[in-house]
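Some notes on the structure that comes next.
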Amino acid sequence: MHRQIEFLKGVGPARGEILRKELAIHTIGDLLWDLPFRYIDKSEITTIKAARSSPEPVQLKGIFSELRLEGSGHKKRLIATFEDGTGSIEVLWFQRIKEIEKWISPAKPYLLYGKLQDYRGRYNIVHPEIEELTQQKATQTGLEPVYRSTEKLDRRGIDSKGRRKILKQLFQELRPEELPENLPQNIISQLRFYSRYEAIRKIHFPASTEELHAAKNRLKFEELFFLQLLLLRSKVKRQESIKGFVFGEVGQLFNTFYAKHLPFTLTDAQKRVIKEIRQDMGSGHQMNRLLQGDVGSGKTIVALMCMLLAADNGFQSVLMAPTEVLAQQHYASISELLDGMEVKVAFLSGSVTGSTRTEILEALKSGETTILLGTHAVIQEWVEFKNLGLAITDEQHRFGVAQRAQMWTKSPIHPPHVLVMTATPIPRTLALTVYGDLEVSVLDELPPGRKPVITTQRTEAHRSKVNHFVREQILQGRQVYVIYPLIEESAKLDLENLQDGYERLLTTFPRPEYQISVVHGRMKADVKDEEMNRFKDHKTQIMVSTTVIEVGVNVPNATVMIIENAERFGLAQLHQLRGRVGRGADQSYCILMTSYKLSKTAKERLEVICRTNDGFEIAEADLKLRGPGDIAGTRQSGAFEFKAANLVEDQAILKTARLFAEDILQRDVRLALPEHHHLRMFLQNEYKYKQDWSRIS
Ligand code: ADP
Ligand code: MG
């Protein structure tokens with residue numbers, strides 16, 4: 001498998017070099033694992049007449065009846081008329097014109113493969129795959145794999161056709177022992193899998209759709225299974241080897257708070273999660289837990305009660321938030337909740353300087369301060385704790401992996417217990433993959449009395465109606481957010497947009513009757529806070545902002561969220577923004593202002609967000625619409641470099657793989673049994689390089 005590609009017959013040094021450079025294919029193993037991304041069903045030929053209504057690519061059989069050049073310079077194109085007796089289409093080439101012109105001979109039959117486009121009633125195909133129809137081809141049936149390629153590769157004859165030739169050669173030389181089995185026999189027979197060798201051969205040369213399907217399934221399973229095995233094993237290992245502080249006691253602080261200070265009854269979900277965390281922290285092992293809870297599900301109180309538990313056992317805690325505003329809000333609300341109790345809480349961020357900072361750091365080091373709240377300043381090197389026992393990050397997807405890892409170094413004896421909280425629900429399959437080695441708690445219940453936010457989409461034509469509605473709400477004493485997009489690439493333009501919008505609002509909602517706050521990313525922190533606070537204290541009724549308020553802000557009296565250019569926001573962002581309203585007892589509304597013309601995916605996103613308030617449902621939809629690589633916070637994990645598996649389509653396979661992995665580890669954590677020998681060897685040899693990320697994600 002580690003044989004260099006150039007030693008393969010039919011490749012040689014020159015082509016080997018191109019394969020390396022263009023596709024990073026170095027070895028025979030790389031070549032085998034560069035799977036076809038598509039298959040052409042050569043047994044199926046569509047007539048031009050029928051093809052017109054097909055949204056999928058089709059295979060056509062016919063002749064070129066006319067060939068002509070049009071345009072000049074870089075607009076030059078080759079146009080051919082292709083007909084098959086049921087109709088005709090145009091075929092267009094913009095590149096490699098000379099070559100193709102020479103190659104095509106009129107009146108000979110060809111096979112074309114491509115997608116038909118309707119160009120003003122005239123159908124065409126651009127740059128189709130094309131093949132001469134020889135006698136042998138005419139009778140051939142079955143699936144033909146298509147591989148990724150580049151222009152350079154095509155020119156050197158390593159297009160899909162060339163690749164198939166090379167692979168055919170390879171399989172003539174390859175002995176099955178060179179692709180040894182890596183799954184235990186019982187899985188193979190239970191799931192009726194092909195052997196590894198068979199599966200890889202059949203994925204390149206399937207004889208039928210059924211065979212292809214079975215080969216794919218085996219390879220998908222294999223990828224997901226090993227990942228799960230790895231994640232679960234590192235979880236077990238961590239539980240075994242990394243000792244944690246034992247928070248055995250539920251003491252006075254926790255109990256007093258629960259009895260006298262808690263302003264509401266905990267939801268059942270909150271109770272359950274606190275219990276899960278307590279068990280972890282009392283076990284003697286280090287906790288490493290992810291807390292998922294939709295916007296407004298009450299994560300802060302859970303965090304606070306866990307910090308009190310730490311305090312009862314004589315340990316300090318830290319809660320880190322991604323923005324200054326959010327950190328201060330935590331500080332304000334937690335200080336208020338703890339008012340009258342014997343716990344010292346401190347706040348630290350980049351804006352805390354001079355002697356104030358020195359005092360805070362000293363109180364922390366001496367152990368006088370029990371709970372530290374702040375921004376990422378809290379994990380800087382110069383921050384020393386006396387005995388940090390619990391580290392919590394809020395909105396964890398906003399922090400990089402390195403920042404989270406820094407938490408681990410803050411305690412000299414054991415690493416502190418770690419709780420990461422996120423309001424961006426992650427679909428379950430993704431959670432299993434990205435956080436497969438963490439324990440996961442879910443707050444799947446909102447505090448009572450919350451009404452779902454009513455969400456609608458509106459355009460400029462409804463502007464005066466929207467304004468009227470805003471006026472009504474303000475008249476009833478409610479407050480309103482107006483959000484503008486801010487996307488790095490067009491930051492300047494976006495800011496102008498916000499300015500324009502602000503000025504328009506000033507005319508529509510004139511002072512002194514109406515007061516408006518503005519917040520955007522370019523403002524100085526203290527000005528920003530001032531504006532925030534004016535809104536929080538109800539001195540202003542409207543808050544105009546870029547997405548800086550996306551995270552965490554809590555103003556229960558705000559009932560209207562207007563999102564301008566809503567089509568430019570992602571689903572997760574829209575959901576987060578909408579979560580800013582609906583926090584009080586009153587019915588809240590979210591109005592998505594969009595342009596008239598929307599792309600298909602924008603329409604789908606808006607449809608989802610109007611239909612449901614359920615963060616998990618939205619996350620699933622997001623995963624389907626965007627693919628796993630783009631889901632917040634998961635890109636850097638490296639968990640998505642699957643060759644065969646696809647997290648969106650293969651949820652069922654993932655679940656099965658996880659079950660089998662769990663079963664094996666339950667019986668044999670060390671993979672020491674003879675029947676697990678394959679597994680151990682494979683993990684050791686092939687998966688070594690993947691170990692790094694699985695630990696920290
Ligand atoms: P998030 O999970 O988004 O961080 P918060 O912790 O900010 O949510 O809580 C949202 C609001 O709900 C806060 O005003 C909080 O005081 C309130 N809250 C939390 N838990 C409960 C509960 N069990 N009953 C009533 N209100 C609650
Ligand atoms: Mg929060």
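Check off (1) more than 16 Å from ligand 1 (Cβ to nearest atom); (2) among the charged types (D, E, K, R); (3) surrounded by fewer than 21 Cβ atoms within 10 Å (Cβ to Cβ) for residue 222 and give me the number that stays unchecked.
(3)
Failed condition for residue 185, given (1) within 25 Å of residue 20 (Cβ to Cβ); (2) modelled with pLDDT of 90 or more; (3) not small (Gly, Ala, Ser), with all others met?
(1)
List the residue pairs whose Cβ atoms are under 6 Å apart, where the first residue sits in the range 287-305 and is open to solvent by less than 10 Å² (accessible area, probe 1.4 Å), the second is within 10 Å of ligand 2 (Cβ to nearest atom), and the two are 6 or more positions apart or on different chains.
So the pair list comes out as 291/421; 292/422; 293/299.
This table checks each residue for (1) away from ligand 1 (no atom under 16 Å from the Cβ); (2) within 23 Å of residue 279 (Cα to Cα); (3) at pLDDT 90 or above.
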| residue | (1), (2), (3) |
| --- | --- |
| 410 | yes, yes, no |
| 435 | yes, yes, no |
| 451 | no, no, no |
| 456 | yes, no, yes |
| 472 | yes, no, yes |
| 479 | no, no, yes |
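Find the residue count for the range 344-355, including only residues that are buried (at least 19 other Cβ atoms within 10 Å of the Cβ) and either in a loop (DSSP other than H, G, I, E, B) or touching a His at 6+ places or on another chain (Cβ under 9 Å) (or both).
Of the residues in that region, 2 qualify.
Quick check on my filter: what residues within the range 98-124 are free of Cβ contacts under 8 Å to residues at least 40 places away in the same chain and surrounded by 14 or more Cβ atoms within 10 Å (Cβ to Cβ)?
100, 101, 124
Any residue that is of a type in the set (Ser, Thr, Tyr), within 38 Å of the chain's Cα centre (by Cα) and farther than 30 Å from residue 201 by Cβ - is there at least one of those in the range 47-63?
yes
For the range 634-697, give me every one of the helices (runs of 4 or more DSSP H) that falls completely inside it and has 1 or more residues that are under 18 Å from residue 33 (Cβ atoms) and at pLDDT below 85.
Details: elements: 651-667, 677-686, 691-696.
Fully inside the range 634-697 and qualifying: 677-686.
Conditions (1) among the polar types (S, T, N, Q); (2) away from ligand 2 (no atom under 16 Å from the Cβ); (3) outside the structural domain of residue 473 (by TED's automatic domain parsing); (4) open to solvent by less than 20 Å² (accessible area, probe 1.4 Å), marked per residue:
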| site | (1), (2), (3), (4) |
| --- | --- |
| 498 | no, yes, no, yes |
| 507 | yes, yes, no, no |
| 516 | no, yes, no, yes |
| 523 | no, yes, no, no |
| 528 | no, yes, no, no |
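Tell me the helices (runs of 4 or more DSSP H) entirely within the range 235-337 that contain at least 2 residues that are among the small types (Gly, Ala, Ser) and within 13 Å of ligand 2 (Cβ to nearest atom). Spell out the reasoning first.
Values: elements: 252-256, 268-282, 299-312, 324-337.
In the range 235-337, the matching helices (runs of 4 or more DSSP H) lie at 324-337.
Quickly run through the range 60-97 and pick out the residues that are surrounded by 13 or more Cβ atoms within 10 Å (Cβ to Cβ) and of a type in the set (Asp, Glu).
83, 84, 90
The values are calculated or read from the model by the stated rules, or taken from the named source; none is laboratory data. Everything quoted here is computed from the prediction, not taken from an experiment. Positions of Cβ are backbone-derived with ideal geometry, glycine not excepted, and every protein chain shown enters the neighbour counts. With ligands, DNA and RNA removed, areas are computed over all heavy atoms of the protein, side chains included. Shrake-Rupley method; radii C 1.70, N 1.55, O 1.52, S 1.80 Å.
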